[in-house]
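Take a look at the structure below.
The values are calculated or read from the model by the stated rules, or taken from the named source; none is laboratory data. Quick caveat, the model's predicted, so the values are computed rather than measured. Cβ coordinates were reconstructed from backbone atoms using ideal geometry, including for glycine residues, and neighbour counts include every protein chain displayed.
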Amino acid sequence: RPELPTVGLSEVRKHVSREKGIWVVYKRGVYDITEFCARHPGGTKILLAAGKSIEPFWQLFAAHHRADVYEMLEECRIGNLDEVGAAELAATAPPHSDAYANDPDRSPALRVNSTEPFNAEPPSELLMNDFVTPNDLFFVRNHLPVPPPVEDPSAWHLKICARGPSVCHHVSMDDLKRTFDKATVTATLQCAGNRRREMAGVKAVKGLSWDKTAIGTARWSGARLADVLRAHGVDDAMRHVQFEGRDADATGERYGASIPLATALDPRKDVLLAYEMNGRDIPRDHGHPLRVIVPGTVGARQVKYLDKIICANTESPSFWQTRDYKGFPPNVDYSTTDYWSRAGPSVQELPVQSAITEPAADTPVDVDDTITIRGYAWSGGGRGIVRVDVSLDDGHTWTQADLDPRATAQEYNRSWAWTPWELTVDVPDNATTLTLVCKAVDSSYNAQPESVAPIWNMRGILNNAYHRVTVHLLR
Ligand code: MTE
Ligand code: MO
């Protein structure tokens, strides 16, 4: 920002109080954050960085590496740090934690929710451009650093313990590809936290602030899990299949989850050990070289970077199965003393969902006489979408959207892919604002709840309320 004055570090260091102003440095920018301090979600912790570089603090509190945070900061910019100051900061910077140094490059089109771990979703306007989401636009949900790539696939193998944890076999990628038929399934994957941002509007929730695009559809190819388990003498009497990923935190805990064995063994549930996504090797962010695909089930169970499969009588002992991804009732929050005992069963199949992706919220829309509204609808468990109702007047009157024939052609109870929908309708004369609403009905005639408040839960998951978008018309 050459129009701004050049400032030295000694000047920055003088600004550490409300009276003199609170300044910080980020990269080559100097910022006056005096006003912002009162609004800082982390409270007075921000004062730790007064008169200093905020970079080392943001390394500790990685939630700051988000586009909206950078934007807010840029609004406070008052100057540019001089060369001497920049050199001094570089020389005294603490060593960078390199847990995330091997993460892959990502498309700049993604809207980033957090960088370490990396979590991002595509812009609303791009999501429904294709029935199948391009790999580099597919939302990314990582809890941990992306493990290093498998350089030599011939040395890599999957561990399969089909009769319990004590007897395990090794299966190489070649075995998976040659011994087992290759199946391809077009399935939608949705994060339990999709649309969490709207839920946070009711009352604070814990979790990443996902908008409505933590969902995507791909053609997944791989071996059927049922075939691989049968070939290894699976014990039908067992109740669960546990999956372990290669990604781990600093204490060595790996990402893990489980599904019912009955789901895994049912050939009509199409559970895959997938090595391809849309005809390409699975990209690093999406589970390279192998992940589980459980169509109709919440994203959290579809373990990426798959390393080990264990059939057992208990669910996965991982944090994400036993504690996280639970649907709490609306009267329970973190102040409820025994809240863990109030957690429901693990989330598996997801409820009926729909959302409007175009027009995006808060963008003025140029209309003549008609407006085109687009979005997606989807339900868990293979339930197809039989109808999408759209309203232009906040739910007083409804019109049925046109459903994508590729979606409605899917088999009953095996409709794994979403239903793109579209509606072009006349805009009421003189209208300047429209409150658009959509709601879907699935093949079990399940409908979505009308509002978010009654389904609020402290983890902010499973938001499938009617989706509303207010648009301002330019005419
Ligand atoms: N598998 C591993 N190993 N590590 C993870 O962090 N995240 C899960 C699931 N599988 C996760 C994982 C969650 S919560 C979701 S929503 C999906 O992966 C996201 O898959 P995607 O990143 O390919 O969109
Ligand atoms: Mo998720």
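Within the range 149-158, is even one residue over 19 Å from the mean Cα position of the chain (by Cα) and either assigned to a strand (DSSP E or B) or basic (Lys, Arg) (or both)? Reasoning before the result, please.
Filtering the range 149-158 for residues over 19 Å from the mean Cα position of the chain (by Cα) gives 149-158.
Adding the requirement that they be either assigned to a strand (DSSP E or B) or basic (Lys, Arg) (or both) leaves 157-158.
Yes - at least one qualifying residue is present in the range 149-158.
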Against the condition aromatic (Phe, Trp, Tyr), surrounded by 17 or more Cβ atoms within 10 Å (Cβ to Cβ) and touching a residue at least 40 places away in the same chain (Cβ under 8 Å), how does Phe139 come out, does it pass? yes
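Does Val347 count as at pLDDT 95 or above and among the hydrophobic types (A, V, I, L, M, F, W, C)? Full working, then the answer.
Working: at pLDDT 95 or above: yes; among the hydrophobic types (A, V, I, L, M, F, W, C): yes.
Spelling it out, Val347 is indeed at pLDDT 95 or above and among the hydrophobic types (A, V, I, L, M, F, W, C).
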Name the strands (runs of 3 or more DSSP E) wholly inside the range 350-397 in which the number of residues that are of a type in the set (D, E, K, R) is 2 or more. 385-391
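Does the range 159-174 hold any residues that are of a type in the set (D, E, K, R), in contact with a strand residue (DSSP E or B) (Cβ under 7 Å, 6 or more places away or on another chain) and outside any strand (DSSP E or B), and which are they? Lay out the reasoning, then the answer.
Of the range 159-174, the ones of a type in the set (D, E, K, R) are 159, 163, 174.
Checking which are in contact with a strand residue (DSSP E or B) (Cβ under 7 Å, 6 or more places away or on another chain) leaves us with 159, 163.
If the condition is that a residue be of a type in the set (D, E, K, R), in contact with a strand residue (DSSP E or B) (Cβ under 7 Å, 6 or more places away or on another chain) and outside any strand (DSSP E or B), then Arg163 is the only one that fits.
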Taking the condition farther than 20 Å from Ala300 by Cα, within 28 Å of the chain's Cα centre (by Cα) and away from ligand 1 (no atom under 13 Å from the Cβ), does Phe131 pass? yes
Residue check, Ala409 under 27 Å from Ala262 (Cα atoms), hydrophobic (A, V, I, L, M, F, W, C) and surrounded by fewer than 13 Cβ atoms within 10 Å (Cβ to Cβ): yes
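Just to be sure, is Ser172 free of Cβ contacts under 8 Å to residues at least 24 places away in the same chain, surrounded by 13 or more Cβ atoms within 10 Å (Cβ to Cβ) and either in the same structural domain as Trp23 (by TED's automatic domain parsing) or among the hydroxyl-bearing types (Ser, Thr, Tyr) (or both)? Quick ask: steps written out before the conclusion?
Working: free of Cβ contacts under 8 Å to residues at least 24 places away in the same chain: yes; surrounded by 13 or more Cβ atoms within 10 Å (Cβ to Cβ): yes; either in the same structural domain as Trp23 (by TED's automatic domain parsing) or among the hydroxyl-bearing types (Ser, Thr, Tyr) (or both): yes.
Judged against the criteria, Ser172 is a match.
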Inside the range 272-315, the number of residues satisfying the requirement of being more than 12 Å from ligand 1 (Cβ to nearest atom), of a type in the set (A, V, I, L, M, F, W, C) and buried (at least 20 other Cβ atoms within 10 Å of the Cβ) is 5
Candidate set: the range 175-199, residues that are of a type in the set (S, T, N, Q), crowded, with 17+ Cβ neighbours inside 10 Å and outside any loop (DSSP other than H, G, I, E, B); chosen: the one nearest to the chain's Cα centre (by Cα): Gln190
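Determine whether Val271 is closer than 12 Å to Cys311 by Cα and of a type in the set (Val, Ile, Thr).
Values: closer than 12 Å to Cys311 by Cα: no; of a type in the set (Val, Ile, Thr): yes.
For Val271, the condition - closer than 12 Å to Cys311 by Cα and of a type in the set (Val, Ile, Thr) - is not met.
Pick out the one residue from Ser107, Ser166 that is in the same structural domain as Leu272 (by TED's automatic domain parsing), away from ligand 2 (no atom under 16 Å from the Cβ) and either surrounded by fewer than 16 Cβ atoms within 10 Å (Cβ to Cβ) or more than 18 Å from Gln302 (Cβ to Cβ) (or both). Step through it out loud before you land on a result.
Values: Ser107 fails: in the same structural domain as Leu272 (by TED's automatic domain parsing).
Being in the same structural domain as Leu272 (by TED's automatic domain parsing), away from ligand 2 (no atom under 16 Å from the Cβ) and either surrounded by fewer than 16 Cβ atoms within 10 Å (Cβ to Cβ) or more than 18 Å from Gln302 (Cβ to Cβ) (or both) holds for just one of Ser107, Ser166, which is Ser166.
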